[in-house]
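The values are calculated or read from the model by the stated rules, or taken from the named source; none is laboratory data. What you see is a predicted model, and the numbers here were worked out from it, not measured in a lab. All Cβ positions, glycine included, derive from the backbone under ideal geometry; neighbour counts span all protein chains shown.
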Amino acid sequence: MLNPLIAATATELTERLQAREISAVEVVTAHLDRIDEVDGIVNAIPVRRAREAVLSDAAQLDALDEPSGPLHGLPVAVKDLQNVAGLPTSHGSPVMPLAPQARDGLVAERLRTAGAVIIGKTNTPEWGTGSHTFNPVYGLTRNPWNTDRSAGGSSGGAAAALAARMLPIADGSDLGGSLRNPAAFNGVVGLRPTVGTVPNPDARSHSLSRFGVEGPMGRTVADTALLLAVLAGPDPLDAISRPIDPSGFRMLRELATAPRIGWMGDVGGSFVCDDEPMALARRAAGAVGIITDIDESLDGAERIFRVIRGISYRGLAAAFTAEQISRMKTTVQENMAYGQSITADDIVEVDGLRSNLHRRVHELFNAVDVLALPTTQVAAFPSDWEFPTVVGGEEMTDYLGWMMSCCVITATGCPAISIPAGFTSDGLPVGLQLVAPIGAERQLLEIAAAIEHADPHHHMVPEINEPTLGGP
């Protein structure tokens, strides 16, 4: 039987911690015990601080006269693309030194300020590339629902830790689906905010190639909103951070009227999808509101995504020698090579495509409140694959083809959330992806919460068994 302190949601724990009904030491201990119990199998949190140091931090919080912040006493682990003082940042790559970082990045800094207890780092693919979490530094992260299946990525360690009840909340990042894909694969919630909602003062680009965002994950929409309220808000070092007051995310309102939901399905043939993820997402979308079928292809979205993503990999390649790049995984090298092939004409073309896409999507939101489609085109695939090569009976031309259900939404610039949509006949979770207008995270969260309330899954807990398959 699960310890009630790891079975509880983050919002439930927060209420009890703020009221001093339970202690930070009790909550942190329960989660550390769970990590000791199951992470030898799942491998979601491969970098951990010493137990004594973590519990000392929790005890210091318990000694305060007042709670230290909205996350007072909650244990967290930071994705291994972000710096945490005293811990290494490997990016999952063998070319990176495993020396402790001197200072926190923005995510860790805001988590600490909010009263969270950082226990370690969650696993990620090399450089966050690909939606399957394995790397030569820390190995493979497994899906708690079936340890022979992928946990997704690149926030696969975070999502698996949530599903396995090792963490109550977790941060992640998303360029082409790295929050949404693993959320769907693990039956949790992942929010990709509008660019600038969560600032990134260390970003290489302020606008041109800024598709990557930091964002929150949780087992419920309310838990995810709780973390967004901590991570969001302007930073003077990020020129495009949004001047918003994030505190409103903590208290989501019940819907006063039925939401208008535009079902996009395969986005007018923009991608192919296996039957069960599509059917389960459609069923979940119909849990509340008024459904309208929308046949819109989002022409140009894939081209926009590929080129802008390629520019970011061109920038990454410039930071390393040819010898270092030769030691990275093949798909990282391929992305870098593609980025180096991009021309000024490509950038001018895509700039125009982005403007046209923005206008078309804006028109869609004149008729609906949110758009809906499956988060992933497949359920979690075998752990010994690098990526699926056939989806819906069609061969994929490259390793991005199976992720286009998220990639084309990234190109719109809109915030998007994945919430659990149910389970396949094989017992694997899949997700419903909801998309709102730029800057409308609160509306998105409130509609997602209404669907979650009508069709809840967060109370279900995976039975974690020993795997039989290895990794790629």
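Of note:
- Filtering the stretch 43-55 for residues that are over 24 Å from the mean Cα position of the chain (by Cα), more than 29 Å from residue 143 (Cβ to Cβ) and not aliphatic (A, V, I, L, M) leaves a non-empty set.
- For the stretch 314-321, the criterion of a residue being within 24 Å of the chain's Cα centre (by Cα), under 19 Å from residue 404 (Cβ atoms) and modelled with pLDDT of 95 or more is satisfied by no position.
- The set of residues in the stretch 213-231 being crowded, with 24+ Cβ neighbours inside 10 Å, in contact (Cβ under 8 Å) with a residue 60 or more places away in the chain and farther than 16 Å from residue 448 by Cβ consists of 214, 230.
- Neighbours by Cβ (under 7 Å, 6+ apart or cross-chain): first from the stretch 73-101, aromatic (Phe, Trp, Tyr); second buried (at least 24 other Cβ atoms within 10 Å of the Cβ) and assigned to a loop (DSSP other than H, G, I, E, B): none
- Failed condition for residue 78, given (1) of a type in the set (A, V, I, L, M); (2) within 29 Å of residue 247 (Cβ to Cβ); (3) in a loop (DSSP other than H, G, I, E, B): (3)
- Filter pass, residue 250 being under 18 Å from residue 8 (Cβ atoms) and at pLDDT below 95: yes
- Considering residues of the stretch 1-27 that are within 26 Å of residue 251 (Cβ to Cβ), aliphatic (A, V, I, L, M) and outside any loop (DSSP other than H, G, I, E, B) only, the residue nearest to the chain's Cα centre (by Cα): 10
- Those residues of the stretch 256-273 which are surrounded by 15 or more Cβ atoms within 10 Å (Cβ to Cβ), over 21 Å from residue 364 (Cα atoms) and out of contact with any Pro (no Cβ under 9 Å at 6 or more places or on another chain), in sequence order: 272
- Some residue of the stretch 203-212 being of a type outside the set (A, V, I, L, M), out of contact with any Ser or Thr (no Cβ under 7 Å at 6 or more places or on another chain), touching a residue at least 40 places away in the same chain (Cβ under 8 Å) and farther than 20 Å from residue 128 by Cα: no
- Across the stretch 177-197, the qualifying residues are those that are touching a residue at least 60 places away in the same chain (Cβ under 8 Å) and more than 26 Å from residue 381 (Cα to Cα), and the one among them that is surrounded by the most Cβ atoms within 10 Å (Cβ to Cβ) is 197.
- Just one residue in the set 416, 454 is among the aliphatic types (A, V, I, L, M) and more than 20 Å from the chain's Cα centre (by Cα); that residue is 454.
- Number of residues in the stretch 326-379 that are under 28 Å from residue 274 (Cβ atoms) and of a type in the set (Lys, Arg): the value is 2.
- Complete set of residues in the stretch 187-230 that are of a type in the set (Val, Ile, Thr) and more than 28 Å from residue 306 (Cα to Cα): 220, 221, 224, 230
- Note on the stretch 292-309: residues that are part of a helix (DSSP H, G or I), touching a Ser or Thr at 6+ places or on another chain (Cβ under 8 Å) and either hydroxyl-bearing (Ser, Thr, Tyr) or more than 17 Å from residue 329 (Cβ to Cβ) (or both) total 4.
- Residue satisfying condition, being under 23 Å from the mean Cα position of the chain (by Cα), outside any strand (DSSP E or B), at pLDDT 95 or above and surrounded by fewer than 20 Cβ atoms within 10 Å (Cβ to Cβ), within set 67, 88, 94: 88
- Members of the stretch 380-414 found to be in contact with a helix residue (DSSP H, G or I) (Cβ under 9 Å, 6 or more places away or on another chain) and among the aromatic types (Phe, Trp, Tyr), listed by number: 381, 387, 399
- Residue count for the stretch 245-272, restricted to those that are farther than 22 Å from residue 450 by Cβ and either in contact with a Ser or Thr (Cβ under 7 Å, 6 or more places away or on another chain) or part of a helix (DSSP H, G or I) (or both): 5
- Residues in the stretch 310-332 that are surrounded by fewer than 19 Cβ atoms within 10 Å (Cβ to Cβ) and either part of a loop (DSSP other than H, G, I, E, B) or of a type in the set (Phe, Trp, Tyr) (or both): 318, 319, 320, 321, 327.
- Flag if residue 339 is out of contact with any strand residue (DSSP E or B) (no Cβ under 7 Å at 6 or more places or on another chain), surrounded by 13 or more Cβ atoms within 10 Å (Cβ to Cβ) and not aromatic (Phe, Trp, Tyr): yes
- Residue count, the stretch 368-392 (criterion: in contact (Cβ under 8 Å) with a residue 24 or more places away in the chain and either among the small types (Gly, Ala, Ser) or closer than 17 Å to residue 266 by Cα (or both)): 14
- Every condition in (1) surrounded by fewer than 24 Cβ atoms within 10 Å (Cβ to Cβ); (2) in a helix (DSSP H, G or I); (3) in contact with a helix residue (DSSP H, G or I) (Cβ under 8 Å, 6 or more places away or on another chain) is met by residue 109 except one, and the failing one is (3).
- Just one of (1) among the β-branched types (Val, Ile, Thr); (2) in contact with a strand residue (DSSP E or B) (Cβ under 9 Å, 6 or more places away or on another chain); (3) over 27 Å from residue 213 (Cα atoms) fails for residue 267. It is (3).
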